[in-house]
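Enquirer: Can you keep this structure in mind? I'll have questions shortly.
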Amino acid sequence: MVLGAVALLSGCALIRPSVPMQVHLYPAPAAVAAEAAANSTLLVLMPGRGDDEDSFAHNGFIEDVRASGAPIDIISVNAHLGYYLQSTLAERVWSDVIAPARAHGYKHIWMAGVSMGGLGSLVSAQDHPGAIEGLILIAPYLGTDDVIASIEQQGGALRWSETDPTNRYQQLWTWLKQAADPSSTVPQIMLAYGTADRFGAGHRLLAGLLKPEQVTEIPGAHNWTTWRKLWRGYWNPEGTRAVALARR
């Protein structure tokens, strides 16, 4: 898998990938542990470029899930840029996170990613069909400008056709087109983004493949302030989206 163009997202030096990946486990509180065990749901969090496995806690994401009362365990993963550049991201996520979780007995595994982490969530699900039940994508990076422009020029993803089967982003969009088909193996996708996000063109193209209830759009840019607002919308106690899905 070649995702070298993701390097354009980074202004920091390459971090050497570790094996296994570094992760941080946030088990469900004791008060809901019994329900969590019965539900057997795991949420895997994928960071954006320049962030790490602790960024979600620092920005309130763990707190919001816990406030919802959802009986789920959470793992945040240090899936940094180095894994993307060395084309080992999906392999390491599978070997170090998903496969062990399945062996541990989790029946429902969801992935959530911000920015580059949204891309990582997608390619992990694409490379391991059936392993991931659902994806929460917040302002995901969805490909280079030329790929996004090509899809727009052809009238959207459903009308667009892949021209370079070796281009990883084109492969991704060919796979994403299946999201509009209820019988496909593409996991359920929840998409959220700010209206002023610099990757908004890709977000709107993906939104065109989804049902309205799967898409959330609010005023905001490509930053943690906007992402936290979007995240809270999923996990407030009255919410009917991600929190309800996690309790299935």
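Okay, residues lined up against (1) on the phi > 0 side of the Ramachandran plot; (2) at pLDDT 95 or above; (3) not basic (Lys, Arg):
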site	(1), (2), (3)
163	no, no, yes
176	no, yes, yes
194	no, yes, yes
202	no, yes, yes
217	no, yes, yes
230	no, yes, yes
237	no, no, yes
247	no, no, no
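Enquirer: Just to check your reading of the model, which residue among 178, 171 is closer than 21 Å to residue 113 by Cα, in contact with a Pro (Cβ under 8 Å, 6 or more places away or on another chain) and among the polar types (S, T, N, Q)? First the steps, then the outcome.
Expert: Numbers: 178 fails: in contact with a Pro (Cβ under 8 Å, 6 or more places away or on another chain).
Answer to the selection: 171.
Enquirer: Kindly list the number of the only condition in (1) touching a Cys at 6+ places or on another chain (Cβ under 8 Å); (2) farther than 20 Å from residue 19 by Cβ that fails for residue 139.
Expert: Tallying (1) touching a Cys at 6+ places or on another chain (Cβ under 8 Å); (2) farther than 20 Å from residue 19 by Cβ, residue 139 fails exactly one: (1).
Enquirer: Shifting gears a bit: Which residue pairs have Cβ atoms under 6 Å apart, sit 6 or more places apart or on different chains, and have a first residue in region 42-69 that is within 25 Å of residue 103 (Cα to Cα) and a second that is assigned to a helix (DSSP H, G or I) and of a type in the set (Ser, Thr, Tyr)?
Expert: 46/121; 47/55
Enquirer: Related question: Within region 2-23, can one find any residue that is assigned to a helix (DSSP H, G or I), of a type outside the set (A, V, I, L, M) and modelled with pLDDT under 55? Working first, answer last.
Expert: Going residue by residue through region 2-23, those that are assigned to a helix (DSSP H, G or I) are 4-9.
With the extra rule that they be of a type outside the set (A, V, I, L, M), the set shrinks to 4.
After this cut, where a residue has to be modelled with pLDDT under 55 as well, the list is 4.
Looking for residues that are assigned to a helix (DSSP H, G or I), of a type outside the set (A, V, I, L, M) and modelled with pLDDT under 55, one finds at least one in region 2-23, hence yes.
Enquirer: For region 197-222, enumerate the residues that are loosely packed, with under 15 Cβ neighbours inside 10 Å and free of Cβ contacts under 8 Å to residues at least 12 places away in the same chain.
Expert: The answer is 211, 212.
Enquirer: Follow-up question, since we're still on this one. Taking the criterion of being part of a loop (DSSP other than H, G, I, E, B), surrounded by 14 or more Cβ atoms within 10 Å (Cβ to Cβ) and aromatic (Phe, Trp, Tyr), would at least one residue in region 151-173 satisfy it?
Expert: Yes, region 151-173 contains a residue that is part of a loop (DSSP other than H, G, I, E, B), surrounded by 14 or more Cβ atoms within 10 Å (Cβ to Cβ) and aromatic (Phe, Trp, Tyr).
Enquirer: Can you say whether residue 112 is touching a residue at least 12 places away in the same chain (Cβ under 8 Å) and either of a type in the set (Lys, Arg) or part of a strand (DSSP E or B) (or both), as far as the supplied structure shows?
Expert: Numbers: touching a residue at least 12 places away in the same chain (Cβ under 8 Å): yes; either of a type in the set (Lys, Arg) or part of a strand (DSSP E or B) (or both): yes.
So residue 112 fits the description; yes.
Enquirer: Here's a follow-up. I'd like the residue in region 179-196 that is within 17 Å of the chain's Cα centre (by Cα) and surrounded by fewer than 17 Cβ atoms within 10 Å (Cβ to Cβ) and, out of all such residues, is farthest from residue 223 (Cα to Cα).
Expert: Within region 179-196, the first condition is being within 17 Å of the chain's Cα centre (by Cα), and the residues that meet it are 179, 185-194.
Pick out the ones that are also surrounded by fewer than 17 Cβ atoms within 10 Å (Cβ to Cβ) and you get 185, 188.
Working: 185: 31, 188: 24 Å.
Among those residues, the one meeting the criterion is 185.
The values are calculated or read from the model by the stated rules, or taken from the named source; none is laboratory data. Keep in mind that this is a model prediction, so the values were computed, not measured. Backbone-built Cβ (ideal geometry, glycine too); neighbour counts: all protein chains shown.
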